[in-house]
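Peer 1: Next up is a structure, given as structure tokens.
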Amino acid sequence: MIIGWKNGWRRARRSLASGAVAFGVAAAGSAGAEPLKLEKDELKFGFIKLTDMAPLAIAYEKRYFEDEGLYVTLEPQANWKVLLDRVIDGQLDGAHMLAGQPLGATIGFGTKAPIVTAFSMDLNGNGITVSNEVWKEMKKHIPMGADGKPVHPIKADYLKPVVEKYKAVGKPFNMGMVFPVSTHNYELRYWLAAGGIHPGFYSPANITGQIKADAFLSVTPPPQMPATLEAGTIYGYCVGEPWNQQAVFKGIGVPVITDFEIWKNNPEKVFGVNKAWAEKYPNTHLAVLKALIRAAIWLDENNNANRPEAVKILARAEYVGADAKVIANSMTGTFEYEKGDKRAVPDFNVFFRYFATYPYYSDAVWYLTQMRRWGQIPESKPDSWYDKVAKDVYRPDLYLKAAELLIAEGKAKKSDFPFGTDGYRAPQKEFIDNITFDGRKPNGYLQQFPIGLKDGQKVTGADVIGG
């Protein structure tokens, strides 16, 4: 279903465009506030049909874009590659992106182009699901609680005997993730490796990511995950919602762990724009950031009181287009693992609290460490390189400018923003393998992993050399 309209005083015409949602402008800025002098007011943003595109949908539906004098069209994209390519070539002004996409593009893993982000869209929001057959085998090894239900978090240690059984009969254990530089790829790899299952290396000559792999990961677009699992092409996957809960509702798979349990309050998606676009339209960029921050505040305010309304919006065909009950399962603070095993996970989706929207340099560094760990960055880099790339791509300075404008307008509170930070989080310890991450010491972090490239190592052919 396509919805589109433009306001009468700006354009006296209606607009219907295939696969897109458009909204017009009634006023620029708020009463008593000096509006930004926009360099461009007609914008098109892309997204993938996932619940964490919510800040874009809410900024549109609640007229926050309108308040900033922006005419915005939201357009769903077929997959992450198409989305990124369209931002790079200018067909899209910006997009809902995987946190690793601006970094991967900037350093040249895949299409090389400078992409920046000044807004983190959410924390958490992903899960790992396995087929019913795999779950049946895993469950034999998982300890049970007094209530007869599996003890969580469920580690990949319990999947390892299943993978070994497949390996013994020459059957590759295939799993799906959404994109090579996706959070999902790195979270799935992190979980597998923490359980002693090698997820494979990349090399400049072999970008499958399956060198030395025990489990073979490949790309599947998010909405196709459940059907691909049901077809038996893959035996598990890592994806965002609603596609884990969809597997439960359809009875074809079991989510075994959320990314909140792999890395508590991990950064998930970002809003990305071409660097040249950001430089050409600085005030427009700030206006977009203001609208997105307001949307994030709305999504989390009053202890998630607005989530039921958000679920109804996201369920519509022009956004996620999934059953509202499926979306509500995670968006309203619960998560269903095995059918009937519904548990409270209040922070499964976080859009604003815990400074969720602030683009921390250390978040960027974590993604870069995982690119290096698995060979997407083929050669060792000094700590200073990680810091430089993070600061080239992540722009907290722009985020705080937008925040200051909202505070001056009375639309946000100063206490909601991390003014005074240097952009690095304190060392983080809440990972499933208990390894501490300090964004200021990326090489020291990489040295701690039993599985993964170390300083001085690189992948050549099927071998790891050096170090």
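The values are calculated or read from the model by the stated rules, or taken from the named source; none is laboratory data. Since we're looking at a predicted model, the values are computed, not measured. Counting neighbours? That spans all protein chains shown, and the Cβs are built from the backbone with ideal geometry, glycine included.
Peer 1: Only one of LEU84, LEU74 is within 16 Å of LYS49 (Cα to Cα) and within 15 Å of the chain's Cα centre (by Cα); which?
Peer 2: Working: LEU74 fails: within 15 Å of the chain's Cα centre (by Cα).
Just one listed residue meets the conditions, LEU84.
Peer 1: Further question on the same structure: Please tell me if SER218 is over 22 Å from the mean Cα position of the chain (by Cα), under 21 Å from LEU103 (Cα atoms) and touching a residue at least 24 places away in the same chain (Cβ under 8 Å).
Peer 2: Taking the combined requirement at face value, the residue does not satisfy it.
Peer 1: It is to be established whether one or more residues within region 7-30 are on the phi > 0 side of the Ramachandran plot, part of a loop (DSSP other than H, G, I, E, B) and at pLDDT below 95. Even if it seems obvious, please write down each step before you answer.
Peer 2: Initial filter on region 7-30 (on the phi > 0 side of the Ramachandran plot): 19, 29.
With the extra rule that they be part of a loop (DSSP other than H, G, I, E, B), the set shrinks to 19, 29.
So of that shortlist, the ones also at pLDDT below 95 come out as 19, 29.
Looking for residues that are on the phi > 0 side of the Ramachandran plot, part of a loop (DSSP other than H, G, I, E, B) and at pLDDT below 95, one finds at least one in region 7-30, hence yes.
Peer 1: Just to be sure before I move on: is GLN210 in a helix (DSSP H, G or I) and under 20 Å from VAL178 (Cα atoms) in the structure I sent?
Peer 2: When the stated conditions are applied, GLN210 does not pass them.
Peer 1: Do we find a residue being at positive phi, at pLDDT 95 or above and assigned to a helix (DSSP H, G or I) anywhere in region 281-303?
Peer 2: yes
Peer 1: Check GLY110, GLY69, GLY104, GLY125 and return the single one that is in contact with a Gly (Cβ under 7 Å, 6 or more places away or on another chain), buried (at least 16 other Cβ atoms within 10 Å of the Cβ) and modelled with pLDDT under 95. Quick ask: steps written out before the conclusion?
Peer 2: Numbers: GLY69 fails: modelled with pLDDT under 95; GLY104 fails: modelled with pLDDT under 95; GLY125 fails: modelled with pLDDT under 95.
Going through GLY110, GLY69, GLY104, GLY125 in turn, the sole match is GLY110.
Peer 1: Here is a check on your reading of the model: is GLN77 touching a Phe, Trp or Tyr at 6+ places or on another chain (Cβ under 8 Å) and surrounded by 24 or more Cβ atoms within 10 Å (Cβ to Cβ)? Break it down stepwise before answering.
Peer 2: Values: touching a Phe, Trp or Tyr at 6+ places or on another chain (Cβ under 8 Å): yes; surrounded by 24 or more Cβ atoms within 10 Å (Cβ to Cβ): no.
Considered against the rule, which asks whether it is touching a Phe, Trp or Tyr at 6+ places or on another chain (Cβ under 8 Å) and surrounded by 24 or more Cβ atoms within 10 Å (Cβ to Cβ), GLN77 comes out as no.
Peer 1: How many of the residues making up region 150-198 are out of contact with any His (no Cβ under 9 Å at 6 or more places or on another chain) and assigned to a strand (DSSP E or B)?
Peer 2: Adding up the residues that qualify gives 4.
Peer 1: Going residue by residue through region 440-455, is there one that turns out to be surrounded by fewer than 18 Cβ atoms within 10 Å (Cβ to Cβ), outside the structural domain of ALA403 (by TED's automatic domain parsing), part of a strand (DSSP E or B) and modelled with pLDDT of 95 or more?
Peer 2: No - not one qualifying residue is present in region 440-455.
Peer 1: Kindly indicate whether ALA317 is more than 21 Å from GLY251 (Cα to Cα), assigned to a loop (DSSP other than H, G, I, E, B), modelled with pLDDT of 95 or more and among the hydrophobic types (A, V, I, L, M, F, W, C).
Peer 2: yes
Peer 1: Still on this structure: Please go through region 247-270 and give me each residue that is part of a helix (DSSP H, G or I) and either surrounded by 24 or more Cβ atoms within 10 Å (Cβ to Cβ) or in contact with a Ser or Thr (Cβ under 9 Å, 6 or more places away or on another chain) (or both), ordered by number.
Peer 2: ALA247, VAL248, ASP259, ILE262
Peer 1: Looking for whichever is within 25 Å of GLN101 (Cα to Cα), touching a residue at least 24 places away in the same chain (Cβ under 8 Å) and among the small types (Gly, Ala, Ser) here; the options are GLY232, GLY272. Which one fits?
Peer 2: The unique qualifying residue is GLY272.
Peer 1: In region 199-215, which residues are of a type outside the set (Val, Ile, Thr), out of contact with any His (no Cβ under 9 Å at 6 or more places or on another chain), in contact (Cβ under 8 Å) with a residue 24 or more places away in the chain and surrounded by 16 or more Cβ atoms within 10 Å (Cβ to Cβ)?
Peer 2: PRO199, GLY200, PHE201, TYR202, SER203, GLY209
Peer 1: Just need a number here: residues in region 137-172 that are surrounded by fewer than 18 Cβ atoms within 10 Å (Cβ to Cβ) and touching a Gly at 6+ places or on another chain (Cβ under 7 Å).
Peer 2: Going through region 137-172 one residue at a time, the tally reaches 2.
Peer 1: Test each condition in (1) in a loop (DSSP other than H, G, I, E, B); (2) assigned by TED's automatic domain parsing to the domain that holds TYR319 for VAL273 and report the one that comes out false.
Peer 2: Result: VAL273 fails condition (1) only.
This table checks each residue for (1) touching a Phe, Trp or Tyr at 6+ places or on another chain (Cβ under 7 Å); (2) not polar (S, T, N, Q).
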{"position": "THR332", "(1), (2)": "no, no"}
{"position": "VAL345", "(1), (2)": "yes, yes"}
{"position": "GLN370", "(1), (2)": "yes, no"}
{"position": "TRP385", "(1), (2)": "no, yes"}
{"position": "ALA402", "(1), (2)": "no, yes"}
{"position": "LEU406", "(1), (2)": "no, yes"}
{"position": "LYS411", "(1), (2)": "no, yes"}
{"position": "LYS414", "(1), (2)": "no, yes"}
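Peer 1: Please work out which one of (1) under 24 Å from PRO102 (Cβ atoms); (2) assigned by TED's automatic domain parsing to the domain that holds VAL288 is the condition GLY410 fails and give its number.
Peer 2: Of everything listed in (1) under 24 Å from PRO102 (Cβ atoms); (2) assigned by TED's automatic domain parsing to the domain that holds VAL288, GLY410 misses just condition (1).
Peer 1: Only residues that are touching a Pro at 6+ places or on another chain (Cβ under 6 Å) and either over 19 Å from GLU338 (Cα atoms) or in contact (Cβ under 8 Å) with a residue 60 or more places away in the chain (or both): list them for region 148-186, please.
Peer 2: Correct list: VAL178 only.
Peer 1: Also, I was wondering about something else. How many residues, within region 276-290, are crowded, with 19+ Cβ neighbours inside 10 Å and either of a type in the set (D, E, K, R) or not assigned by TED's automatic domain parsing to the domain that holds GLU39 (or both)?
Peer 2: Total meeting the criteria: 1.
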